[in-house]
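Peer 1: My questions will all concern the structure given below.
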Amino acid sequence: MHGSDPNVQVSPVRPLTRRKKDGDPYVRPVEIESEIAAAIDRPLAGLLAHGARASSECLIHVARNYGNSGSASDRIVTEILNRVERQVRGLTGSIPAHRKQDVGDRVRSELLERLFGEDDRADILEVRFALAVRTMTVDAIRHFAGKDEVEISPAAFVPGDDEDISAEEALDAAKFRANGRGMEPAEVRAQLRSLKNVLDERELRALFAVHYVGLKIESDDPAEITAATTMKVSGRSVRAYLKSAKTKLASEKETNR
């Protein structure tokens with residue numbers, strides 16, 4: 001970065017080197033390219049001055065290329081992370097509360113790795129920052145959703161020899177867990193096993209996604225992780241599976257009276 005000395009030659013904006021899957025290079029939007037070109041001849045502090053609203057793409061470029069410029073560059077990195085936190089918070093409203101922090105921490109860590117890494121993975125952050133953060137957030141949600149399903153998988157709901165809990169009680173246990181009231185995973189696993197005796201795999205997966213993981217059935221946002229996207233079916237199908245499961249559970253309850 002430079003000050004206001006007119007005798008100082010302004011460096012050209014560093015070109016991006018990363019390429020898309022089709023081989024074409026990433027290219028900054030014209031307005032971002034112009035903003036960065038103007039910013040590199042200004043003091044760092046000016047990017048965060050009152051009333052200034054530097055784009056996230058511009059701040060990323062500055063942080064990558066002038067990251068050892070003292071407290072002002074530290075403030076820029078802090079501002080970037082604050083923007084990331086706000087965006088992630090807006091994208092994780094529907095996931096279980098105990099995973100919101102995990103997702104936020106994972107996205108923050110990945111962004112910092114890209115920002116200060118030796119490769120060109122941060123190039124996309126200078127092209128479409130919000131989309132890149134959105135993609136990292138969706139990947140993080142998928143990671144933890146997969147992790148939870150490994151911890152308590154529908155395939156693991158095999159009744160034990162001494163299992164005598166009804167399917168209705170098992171469903172209540174799933175709802176109890178989804179409501180965030182601290183039931184231990186091992187306890188939930190034991191209580192959910194009997195559902196395997198009553199429901200088929202699709203019904204069980206639908207219940208698992210909606211009542212245990214806490215996912216929405218479907219969403220207008222194509223990037224949001226939902227029961228429909230995890231099962232690779234329509235929201236209508238998920239509702240049908242849930243309705244069928246409810247009917248079977250009600251019948252099971254009547255039979256056991």
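Peer 1: Give me the orientation-averaged projected area of the Cα convex hull of the stretch 30-148, in nm², one decimal.
Peer 2: If I average the Cα hull's projected area over directions, I get 8.0 nm².
Peer 1: Counting Lys and Arg as +1 and Asp and Glu as -1, what is the net charge of the other residues whose Cβ lies under 14 Å from the Cβ of S34? Write down the numbers at each step before the final one.
Peer 2: Values: positive: R28, R42; negative: E31, E33, E35, D41, E57, E126.
Local net charge: -4.
Peer 1: Turning to a different aspect of this structure: Efficiency by 1/(1 + (r/R0)^6): what FRET value for S34 and R89, r their Cβ-Cβ distance, R0 = 25 Å, to the nearest 0.05?
Peer 2: E(calc), rounded to 0.05, equals 0.25.
Peer 1: Let me ask you something else. Using the number of other C-beta atoms within 10 angstrom as an exposure proxy, rank V13, V133 with the fewest first.
Peer 2: By the 10 Å Cβ count, ascending, the order reads V13, V133.
Peer 1: Separate question: Per residue and in Å³, how big is the convex hull formed by the alpha-carbon atoms of the stretch 54-114?
Peer 2: Normalising the Cα hull of the stretch 54-114 by residue number yields 80 Å³.
Peer 1: What spacing in nm lies between the two simple spin-label points modelled at K21 and L81, each 7 Å away from Cα in the Cβ direction?
Peer 2: If labels sit at K21 and L81, their model points lie 3.3 nm apart.
Peer 1: Calculate the spin-label point distance for N65 paired with D41, positioning each point 7 Å from the Cα along the beta-carbon direction, and give it in nanometres.
Peer 2: 1.4 nm
Peer 1: In addition: Please compare each pair in K100/K216; K216/K243; K196/K248; K216/K246; K196/K246; K20/K232 to a cut-off of 21 Å on the Cα-Cα distance and tell me which ones are over it.
Peer 2: With Cα atoms farther than 21 Å apart: K20/K232.
Peer 1: A further question on this structure: Taking the number of other C-beta atoms within 10 Å as the exposure measure, put D119, D22 in order starting with the fewest.
Peer 2: Exposure proxy ranking, most exposed first: D22, D119.
Peer 1: Assuming 0.36 nm per residue, please report the length gained on full extension of the stretch H143 to Q101 beyond their Cα-Cα distance.
Peer 2: Working: separation 42, 0.36 × 42 = 15.12 nm, distance 1.34 nm.
The H143-Q101 span can extend by a further 13.8 nm.
Read-outs throughout are calculated quantities, based only on the coordinates presented, and are distinct from any laboratory measurement. All values reported here derive from a predicted model rather than from experimental measurement. In this analysis, Cβ positions are derived from the backbone assuming ideal geometry, glycine residues included, and neighbour counts consider all displayed protein chains.
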